[in-house]
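Visitor: Please find one structure pasted underneath; my questions will follow.
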Amino acid sequence: MPLLRAMRALYLILTILLVTGCAGFNSAYDRDEQNRYDPYAQSGIDELLAFGASMAGMSDEGRAELCKSLLNTQKIQPSNGKQLHLMVGRLLSNACGDIPTILGQVHAISPAYSSDERVQRLIAINTQALQRIQRQSEKLNVVEQKQKKIKLTLDSKESAAPQKNETRLLREKLEAIRTMEKQMDESVDSN
């Protein structure tokens, strides 16, 4: 009897281990299956280049919609592949996110691709291009701010100029009225 109990306990333990092991295996399998069907979760150089080329052929509206969709899926189910797709997409559309945020997130995942030299090169090229875009955008903002200040200054001077002209006209009219009064006084005095 004790042997039978030991066999049953062993059988029960093996069954529990097998069920929990399969459950863990299935969840990992499910994640792999989801990534297999999600083209943006793939982060190989060929997928990233194909994505960039495909996006380059889209209209601006199409790019913006794709970026919004990609940002939403990255929030729901983040992956390194999606982040790299956002990096590539940001070169072609502002809708793919904020450059400093993208660069920070790509910098954080970059070590995961240290063994893939081609992806590292793509990351390096895109990082430099995005940093350049960011600097140009900042310079453009400074120029726009200066233009606004100059326009405000010119507008205030233009609004002051009509007042000066009006003052001059009023003085001329006043002088003309005084001259007429003087002439009228002289004509009354002479009669």
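Visitor: Could you check, for the range 154-161, whether at least one of its residues is in a helix (DSSP H, G or I) and under 23 Å from Ala56 (Cβ atoms)?
Guide: For the range 154-161, residues in a helix (DSSP H, G or I) and under 23 Å from Ala56 (Cβ atoms): absent.
Visitor: Any residue in the range 98-110 that is without any contact (Cβ under 8 Å) to a residue 24 or more places away in the chain and open to solvent by 70 Å² or more (accessible area, probe 1.4 Å) sitting within a Cβ distance under 8 Å of a residue that is of a type in the set (Val, Ile, Thr) and in a helix (DSSP H, G or I)? List the pairs, counting only those 6 or more apart or interchain.
Guide: His107/Thr127
Visitor: Residues that are at pLDDT 95 or above and open to solvent by less than 30 Å² (accessible area, probe 1.4 Å): does the range 37-47 have at least one?
Guide: No.
Visitor: While we're on this one: Based on what the data block shows, is Ser79 without any contact (Cβ under 8 Å) to a residue 12 or more places away in the chain and either touching a strand residue (DSSP E or B) at 6+ places or on another chain (Cβ under 6 Å) or not charged (D, E, K, R) (or both)?
Guide: no
Visitor: Given the criteria within 30 Å of Gly62 (Cα to Cα), open to solvent by less than 90 Å² (accessible area, probe 1.4 Å) and modelled with pLDDT under 90, does Asn72 qualify? Step through it out loud before you land on a result.
Guide: Working: within 30 Å of Gly62 (Cα to Cα): yes; open to solvent by less than 90 Å² (accessible area, probe 1.4 Å): yes; modelled with pLDDT under 90: no.
When the stated conditions are applied, Asn72 does not pass them.
The values are calculated or read from the model by the stated rules, or taken from the named source; none is laboratory data. Everything quoted here is computed from the prediction, not taken from an experiment. We place every Cβ from the backbone using ideal geometry, glycine too, and count neighbours over all the protein chains shown. Heads up: the accessible areas ignore ligands, DNA and RNA and are worked out on the full protein's heavy atoms, side chains in. Shrake-Rupley method; radii C 1.70, N 1.55, O 1.52, S 1.80 Å.
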